[in-house]
Amino acid sequence: MATRDEQGAATRARLVDAAVESLIESGYASTSAVSVQRRAGVSRGALLHHFPTREALFTAAVHRLVEANLEAMRQELAAAPAGGDPVARGMGVLRRSSWRPSFGAELELWSAARTDAPLRRALRDAERGALGKLHSMIDEIFGPEIVTGSPHYRLVVDVTVQLIRGLAVTASLYEHPDRAEPLIGQWADLVRTLLGDGLRTGPATAPSNPKPEPGPEAEPGPEAEPGPEADPDPQPHP
């Protein structure tokens, strides 16, 4: 027989799962605390006991949704054929995991967070924790030779992730989401060019810098008059 704590944990999990399902199926605007309570099949008192505010409920749901999307990417990575072209493999994993309805729900939350400060805070916390895991999975896709073999690797990965996410938003507006495939293929060709050294030769070695031969000494010129010291440029705020 389940203990009281176990029953409470099960009820809480049911509410969070119901919130995530509602976000995926009905969207953020149509998901309310009452609709989640009904979907979970619990009492109003149980809802308020575990989540006194709508913000608390959505914070838990956002974290669960982000983790679910990371798990979907892990599954895509495990199912992808090993070996072959790592760029094609990586693009395929990112594309398939980003076109799932659950990731569409996450993208919808990003848009809603523009004018919803509590949601924005919840998303920032969830995404901050997920970012390192995302990079680790992408590093696993490409392998250590490429990760350490190109000085452009991290920049290429960041741009690729942003590109795929943007295309996922665009795909939600059209009946034929595969129209993005040619663009993904063209970007993959550019990625192969940018990562060319790592793809061909593995880890890069530091270039040698021999000292130049000393040349004839130049005649000293007139010293410049010191000018007024300029104020340093203000640093932009993040």
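No lab work stands behind these numbers, since they all come straight from the coordinates. From a predicted model like this one, the values you see are computed outputs, not experimental measurements. Note that each Cβ is placed from the backbone with ideal geometry, even for glycine, and that neighbours are counted across all protein chains shown.
The 3J(HN,Hα) values that the Karplus relation (6.51, -1.76, 1.60; θ = phi - 60°) gives for the range 180-185 are, in residue order, 7, 4, x, 5, 5, x Hz. Gly and Pro appear as x. Note on the range 64-201: dipole from Cβ charges, positive end direction compared against Met91, Ala130, Val156; the farthest Cα belongs to Ala130.
The modelled label-to-label distance for the pair Arg120/Ala80, using points 7 Å beyond Cα in the direction of Cβ, is 3.3 nm. Within the range 8-53, the proportion of Cα pairs with more than 11 Å between them is 61 percent. Would you please calculate the Kirkwood hydrodynamic radius of the range 64-201 over all C-alpha pairs and express it in Å, rounded to one decimal? This gives a value of 15.8 Å. Applying 1/(1 + (r/R0)^6) with r as the Cβ-Cβ distance of Glu71 and Arg44 and R0 = 35 angstrom yields a FRET efficiency of 0.65.
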